[in-house]
Amino acid sequence: MKLSLRLILFSSLTILLVICIAYVSILDSRVINKLEGVLWTVPAKVYARPLELAEGGNINIGQLKKELEILSYEQTKKLPDNPGEFSLNQNSASIFIRGFKSQEPGFYKLKFEKGRIKSIKRQDGISIDLIQLEPLSIGGMFPSHLQDRILLNLSQVPKDFQEMLLIVEDRNFYNHRGISLKSITRAFIRNTRALGIEEGGSTITQQLAKSLFFSPEQTIRRKIKEAIAALLIEIHYTKEEILLAYINDVFVAQAGRRAIHGFGLASQFFFGTDLKNLTLDQKALLVGMLKGPSLYSPTKNPERARARRDLVLNLVKNDSLISEEEYLELKDRPLKIIPPTFKSLSKYPAFNDIVTLDLRKNFDDSDLRTKGLRIITNLDPVVQDYLEESIRNTKAKLEKRYGSQLNELEGASIVIDSFSGEVVAAVGSTKPNSYGFNRAINAVRPIGSLIKPFIYLSALQQYGKYNLSTLLDDSKLSVPLSGDKVWEPNNFDKKFHGNVPLHLALSESYNVATTRLGMELGYSAVQETFTKLGVKKRISNYPSIFVGSFEMSPLQAIQAYQTIASEGFFSPLNTIRSVESSEDVLSLSYPYKVEQRFRSEPIYLLKFVLKQTFISGTARGYPLKVLEKWKVGGKTGTSDEQRDSWFVGYAGNYLMLVWLGFDDNRKSPLTGRSGALQVWKSFMSKLDPISYEVRKPSRIKYEWVDAKDGLLSGQRCKGSIFIPFIEGTEPEIIPQNRKKCRINKESYTSKVINKIKEAIEAK
């Protein structure tokens with residue numbers, strides 16, 4: 001009997017031992033798999049472009065202030081003495097920058113003159129050429145568990161931060177093997193007295209094990225598992241590796257659905273800079289939050305957070321890491337956290353959608369969600385904010401004018417750099433921060449008169465046949481279709497205008513004249529122009545295509561206009577500057593690509609007419625001085641029955657396209673002029689584009705011609721207009737009744753100047 005009992009007991013113990021060994025083996029395998037190689041799935045981070053402030057740079061004080069406010073810098077009346085502060089005077093700005101990558105934090109003074117940076121000086125008065133502000137974080141490619149972190153190596157973690165962390169969380173970290181019996185005993189006694197869990201005895205290694213492998217439940221069973229895992233971690237890894245893993249993994253805050261893990265991201269999230277750039281009081285706040293990220297959150301409970309920070313500083317003082325005087329000075333500082341750079345998963349959803357499309361050309365989704373890539377984009381946060389404000393305000397004004405019928409009005413807009421093709425801003429809704437259907441890339445709609453410049457460009461490439469004064473027929477047109485049907489296009493004003501010069505037909509957007517021109521050119525010639533403009537869609541062989549039945553998305557349409565705005569040079573649209581690994585090693589660059597698709601002369605002629613849109617056409621109303629400064633051009637577009645309102649226009653080096661309409665394709669009271677153009681105007685008034693010089697091709701010459709018949713005229717002739725021609729294509733006929741007014745009388749001054757020139761040449 002005793003033998004049987006012993007056998008049963010031995011067997012049970014053996015089985016229990018085998019189970020324990022098996023469990024420990026499984027747990028050991030989990031520990032190794034989790035901590036070897038890539039420790040965690042680290043989502044890609046998406047950033048706006050870092051603003052470079054260079055001597056001679058085109059930026060005024062107002063634009064700089066806007067940028068600093070977006071980056072959550074605090075304006076002070078005195079000279080800034082802490083990172084994240086700035087002050088402004090009439091022609092100067094003082095900034096204490098936070099630091100970004102190789103750009104160290106520090107004080108800089110900038111002087112401005114005529115909308116440019118005149119000089120940049122350090123605090124010691126030494127002049128420098130360039131400084132860089134940190135880029136705004138605008139989103140990420142998050143895994144399903146929505147954990148977000150920035151991985152650090154130990155060299156990126158300041159020594160004083162490591163010491164502070166150990167003082168607060170685990171003083172004996174370097175003296176134990178994963179568990180601390182002293183701490184456990186102390187916690188056991190206190191919890192027994194309290195008849196509950198009031199204190200934990202966990203080491204940093206145990207906390208890491210709990211975070212990586214176990215639920216947060218407070219049970220004896222979980223504590224035993226945690227202790228075993230901690231011992232296994234200590235067997236396989238050095239103290240430095242364990243500490244670094246803890247620093248990268250610890251949960252610090254919750255931002256909506258996104259969980260902020262690790263001090264690398266926590267530093268950026270609360271203070272907008274790297275951990276190495278933080279002051280001691282800021283480091284103390286982060287360490288103090290570990291006791292209860294929600295309870296001691298500086299955003300939710302600032303007073304509790306400050307008290308906890310001061311407690312940490314006191315512990316540091318007691319360990320003689322800081323003096324009494326330093327403690328008192330640090331204790332008096334306000335928290336000064338920045339507002340979260342983005343409360344949702346992505347601050348600019350429409351722009352980030354375009355970024356994702358570009359990324360997927362070179363990266364798998366799994367790489368974007370796990371490898372901690374840093375994506376630097378071309379987004380300009382100031383331009384983006386202006387764009388969002390403009391589309392919201394314009395919709396509000398239109399609702400006030402037209403009533404509740406526009407409550408559901410939607411829209412999209414994209415702004416690019418005309419010459420580089422860089423997408424600098426985008427919205428996909430009249431509610432710019434909303435998620436869901438992105439109309440900037442997915443709303444494929446008839447583009448109306450936006451198509452007309454493409455047709456006229458096709459004509460202007462045929463030098464010998466067409467010029468700006470070529471007469472086009474705008475009389476009634478009947479086009480036979482299949483099945484004995486007839487299509488009869490009409491103009492917006494319901495009138496026919498007879499023979500009109502080409503430039504007038506385009507600037508006034510005459511449908512009939514344009515249809516005749518398209519049919520005369522032929523579908524293949526127009527298709528060739530479309531292809532050279534970067535339009536990948538094929539046009540259908542229906543004449544209605546020439547007046548705007550062709551469908552495009554805003555992204556596709558602005559690509560086509562980019563080549564026109566950039567003097568005939570095609571650049572594929574791009575949102576990304578570079579992609580870097582988590583170790584700041586360049587993974588992929590996106591160099592500027594450019595290809596000349598059209599000769600400069602026909603583009604110059606076309607842009608002359610697109611400028612007339614603002615002078616006498618559908619976008620008129622701007623003072624001539626403004627038009628000359630901005631070097632503008634543009635085109636309105638209204639689809640059939642005003643279902644779509646379009647405008648595309650360039651000013652300075654910016655090209656902007658706007659679409660307004662309803663998702664269900666119903667009619668609206670808006671034309672291109674009354675709708676989309678108003679968004680463009682609102683935006684440009686905020687941006688005030690910087691002027692640039694347009695070089696006139698050498699073969700271009702100007703002549704005075706009659707605005708109606710296109711024949712030669714003179715400045716003094718009634719109804720004359722001064723327009724460009726490619727040399728050798730200008731009209732030669734001078735009507736008899738214009739010969740007198742064509743002769744320009746020289747002023748006395750010009751006569752004197754000419755005589756002086758003749759005398760000099762004679763000598």
_Whether any residue in the range 177-197 is out of contact with any Asp or Glu (no Cβ under 8 Å at 6 or more places or on another chain), in the same structural domain as Leu315 (by TED's automatic domain parsing), at pLDDT 65 or above and within 30 Å of Ile354 (Cα to Cα) is what I want to check._
no
_Qualifying position, being in contact (Cβ under 8 Å) with a residue 60 or more places away in the chain, crowded, with 17+ Cβ neighbours inside 10 Å and within 13 Å of Gly272 (Cβ to Cβ), among Phe100, Phe96_ = Phe100
*Any hit, the range 493-509, residues being over 17 Å from Leu457 (Cα atoms) and among the aromatic types (Phe, Trp, Tyr)*: yes
_Qualifying residue in the range 498-505 (condition: assigned to a loop (DSSP other than H, G, I, E, B) and either of a type outside the set (Lys, Arg) or farther than 28 Å from Ile416 by Cβ (or both))_ = no
*Considering only residues that are in contact with a Pro (Cβ under 8 Å, 6 or more places away or on another chain) and assigned to a loop (DSSP other than H, G, I, E, B), look in the range 403-431 and name the one that is nearest to Arg643 (Cα to Cα).*
Gly428
*Pull up the range 538-554, narrow it to residues that are in a helix (DSSP H, G or I) and surrounded by 23 or more Cβ atoms within 10 Å (Cβ to Cβ), then point me to the one that is nearest to the chain's Cα centre (by Cα).*
Pro554
*Name the single residue, out of those in the range 631-652 being in contact (Cβ under 8 Å) with a residue 40 or more places away in the chain, surrounded by fewer than 23 Cβ atoms within 10 Å (Cβ to Cβ) and not small (Gly, Ala, Ser), that is nearest to Ser418 (Cα to Cα).*
Lys631
*Looking at the range 287-297, is at least one residue without any contact (Cβ under 8 Å) to a residue 24 or more places away in the chain, surrounded by fewer than 19 Cβ atoms within 10 Å (Cβ to Cβ) and of a type in the set (A, V, I, L, M, F, W, C)?*
yes
*Please work out which residue is surrounded by the fewest Cβ atoms within 10 Å (Cβ to Cβ), limiting yourself to the range 448-499 and to residues that are among the aliphatic types (A, V, I, L, M) and farther than 15 Å from Leu517 by Cα.*
Val486
*Working only within the range 705-727, note down all residues that are among the basic types (Lys, Arg) and touching a residue at least 24 places away in the same chain (Cβ under 8 Å).*
Lys708, Arg716
_Residue list for the range 265-284, restricted to those being crowded, with 23+ Cβ neighbours inside 10 Å and over 31 Å from the mean Cα position of the chain (by Cα)_ = Ala284
_All positions within the range 401-425 that are closer than 18 Å to Tyr592 by Cβ and polar (S, T, N, Q)_ = Ser418, Ser420
*So how many residues does the range 116-155 have that are under 15 Å from Ser267 (Cβ atoms), surrounded by 15 or more Cβ atoms within 10 Å (Cβ to Cβ) and at pLDDT below 90?*
6
*Can you work out which of the residues in the range 462-497 that are among the charged types (D, E, K, R) and part of a loop (DSSP other than H, G, I, E, B) is nearest to Ser674 (Cα to Cα)?*
Asp493
*Given Glu730, Glu746, which one is outside any strand (DSSP E or B), of a type outside the set (A, V, I, L, M), at pLDDT 90 or above and surrounded by 10 or more Cβ atoms within 10 Å (Cβ to Cβ)?*
Glu730
*So how many residues does the range 55-89 have that are more than 18 Å from Asp124 (Cα to Cα) and out of contact with any Phe, Trp or Tyr (no Cβ under 9 Å at 6 or more places or on another chain)?*
12
*How many of the residues making up the range 590-626 are at pLDDT below 85 and not charged (D, E, K, R)?*
12
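The values are calculated or read from the model by the stated rules, or taken from the named source; none is laboratory data. None of these values were measured; they are calculated from a predicted model. Glycine also receives a Cβ, built like all others from the backbone with ideal geometry; neighbour counts cover every protein chain displayed.
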